[in-house]
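*Asks:* Handing you a structure now.
The values are calculated or read from the model by the stated rules, or taken from the named source; none is laboratory data. Source: prediction; values computed, not measured. Here Cβ is always computed from backbone atoms with ideal geometry, including for glycine, and neighbour counts include all displayed protein chains.
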Amino acid sequence: MSLTDVLTRIDTDLSAATDRLMELLRIPSISTDPAYDADCDRAADWLVADLNSLGIATEKRKTPGHPMVVGHLDGEGPHLLFYGHYDVQPVDPLDLWSHDPFDPDIHNTPAGKVIRGRGSSDDKGQLMTFVEACRAWKAVHGTLPCKLTFFLEGEEESGSPSLVPFMKEHAGELKADIALICDTAMVSPGVPSIAGQLRGMLKDEFTIHGPSRDLHSGHYGGPGLNPLREISRIIASFHDPETGAVAVEGFYDGVPEVPEEMLRQWQNCGFDEAAYLGGVGYSQPHGEKGYSTLEQQWSRPTLEINGLWGGYQGAGTKTVIPAEAHCKLTCRLVGDMDPDRLRERIRAHVEARLSPDARVTWDGNLDGSPASVMNTDRPEFEAARQALSDEWEREAVIVGMGGSIPIAGFFKEILGLDSMLVGYANEDDAIHSPNEKYDLKSFHKGIRSWARILDALTRR
């Protein structure tokens, strides 16, 4: 099958493809707010109708929350599963938008044209790059080059409460050779990127208890144990002050070294460290010494204090020794780090450092997930990397990601399915924020990129 004809079709159809995206963006499918339940249904219906128009047998499937969209197309060659989500974040604060977030339009900027509107980058614009690649392929060849399953979610932005039960119930139907996910960004503008690893997450919260009640600091200041001092001392012990490394015993168990070839790609990926740090007011990185900024973000685990409070919070002064002090923390995990084992070690670290008359209680709402490490040795990854390099005329890189995309872990855990994450967003797309945008170049070249990847994966 001719790839050249498909790419030509994509170029000539770009205006119509953009109009279709605008139509989907006008549907305010905010999943977290019940006031928009009907709009989430409407977005699902829109996708069902669009995929059916391509000859992909697609249905809207009920869940306790918002529906899933599942479509199937039989064919020869590999079986690919494509995942995206049609729900979007709330738009508040509305007064910071330059226009109605659900009345999208195209703006001219110094960097080029952008599609501005809620969901343009996360994730409707990204989702539609794959759909439009399939549309062009079907228009040219009358069929698609492989067997396809579409799995589109409507609750990703509200915690995906229906996702795991649905996947377990329909595991047989959703199995494929590999999953394709389009919900990520390029490491730098114009540098095509495939995510090779995603950090996992551990959350915990604890309270240090001291006296039986808040105390007068004149009566008990001195002999009294102050939980705020106690918690500050313990928190300070989490990190080595010289190296920045986490000082919890066994914290780095299961942390791998990054292969030299991957480090080479990272070093030449066009990442602008000064812009990355300077954009938020930093002059230098503050993580582990001996590791680059990208290594700290993508391949090293962290322990962060996310909230710390206790005592009087109002205006003026209140002379008390508080009865309690509180801390929220999270860890980002890499490699084979075990969140349950790590939680035990963090708690042991805290409890071993308690002073007499201090005690600790822990939050019982345990939450943790391991890192997702992609099997980048699979030949599909090199085939896709070369396809992306050809389209963008720049070496594509296999990158890490500092955050988490739980669906990749669920695909592996529930379906035994490796995932390939390819996205065309830029870091300045303002996802989840006012004036979200998606570069028209990202949309156009994203469609072309998926066409090339489809060709590469089906010619192996």
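*Asks:* Tally the residues that are loosely packed, with under 15 Cβ neighbours inside 10 Å and in contact (Cβ under 8 Å) with a residue 60 or more places away in the chain, restricting the search to segment 79-93.
*Replies:* Total meeting the criteria: 1.
*Asks:* Being assigned by TED's automatic domain parsing to the domain that holds GLU132, surrounded by fewer than 16 Cβ atoms within 10 Å (Cβ to Cβ) and either among the hydrophobic types (A, V, I, L, M, F, W, C) or within 19 Å of GLY125 (Cα to Cα) (or both) is true for just one of GLU436, GLU427, GLU395, GLU391. Which residue is that?
*Replies:* GLU427
*Asks:* Taking ALA384 and the conditions (1) out of contact with any Lys or Arg (no Cβ under 8 Å at 6 or more places or on another chain); (2) surrounded by fewer than 16 Cβ atoms within 10 Å (Cβ to Cβ), which numbered condition does it fall short on, given that it satisfies the others?
*Replies:* (2)
*Asks:* Kindly evaluate GLY75 against the criterion of being part of a loop (DSSP other than H, G, I, E, B), at pLDDT below 95, in the same structural domain as SER433 (by TED's automatic domain parsing) and over 19 Å from ASP19 (Cα atoms). Even if it seems obvious, please write down each step before you answer.
*Replies:* Working: part of a loop (DSSP other than H, G, I, E, B): yes; at pLDDT below 95: yes; in the same structural domain as SER433 (by TED's automatic domain parsing): yes; over 19 Å from ASP19 (Cα atoms): yes.
For GLY75, the condition - part of a loop (DSSP other than H, G, I, E, B), at pLDDT below 95, in the same structural domain as SER433 (by TED's automatic domain parsing) and over 19 Å from ASP19 (Cα atoms) - is met.
*Asks:* Look at segment 317-346 and say how many of its residues are small (Gly, Ala, Ser) and under 30 Å from GLY224 (Cβ atoms).
*Replies:* First pass over segment 317-346, keeping only residues small (Gly, Ala, Ser): 323, 325, 335.
When the remaining residues are screened for being under 30 Å from GLY224 (Cβ atoms), the result is 323, 325.
Residues that pass the stated criteria total 2.
*Asks:* Please state which of the following conditions THR458 fails to meet, knowing it meets all the rest: (1) modelled with pLDDT of 95 or more; (2) in contact with a Pro (Cβ under 6 Å, 6 or more places away or on another chain); (3) not acidic (Asp, Glu).
*Replies:* The number of the failed condition is (1).
*Asks:* Condition test on SER98, is it assigned to a loop (DSSP other than H, G, I, E, B), touching a Phe, Trp or Tyr at 6+ places or on another chain (Cβ under 6 Å) and either at pLDDT 95 or above or surrounded by fewer than 24 Cβ atoms within 10 Å (Cβ to Cβ) (or both)? If you could, list the steps in order and put the result at the bottom.
*Replies:* Numbers: assigned to a loop (DSSP other than H, G, I, E, B): yes; touching a Phe, Trp or Tyr at 6+ places or on another chain (Cβ under 6 Å): no; either at pLDDT 95 or above or surrounded by fewer than 24 Cβ atoms within 10 Å (Cβ to Cβ) (or both): yes.
So SER98 does not fit the description; no.
*Asks:* Let me ask another. Do we find a residue being among the aromatic types (Phe, Trp, Tyr), farther than 30 Å from CYS146 by Cβ, in a helix (DSSP H, G or I) and out of contact with any His (no Cβ under 6 Å at 6 or more places or on another chain) anywhere in segment 32-39?
*Replies:* yes
*Asks:* Write out, first by first residue and then by second, each pair whose Cβ atoms fall under 6 Å of each other, whose residues are 6+ apart or on separate chains, and whose first residue, in segment 279-299, is closer than 20 Å to PRO259 by Cβ while the second is not in a loop (DSSP other than H, G, I, E, B).
*Replies:* Note: pairs meeting the criteria are THR293/GLU273; LEU294/TRP266; TRP298/GLY400; SER299/GLY400.
*Asks:* Also, quick follow-up: Would you call GLY55 touching a helix residue (DSSP H, G or I) at 6+ places or on another chain (Cβ under 8 Å), in a loop (DSSP other than H, G, I, E, B) and assigned by TED's automatic domain parsing to the domain that holds LEU94?
*Replies:* So GLY55 passes the test.
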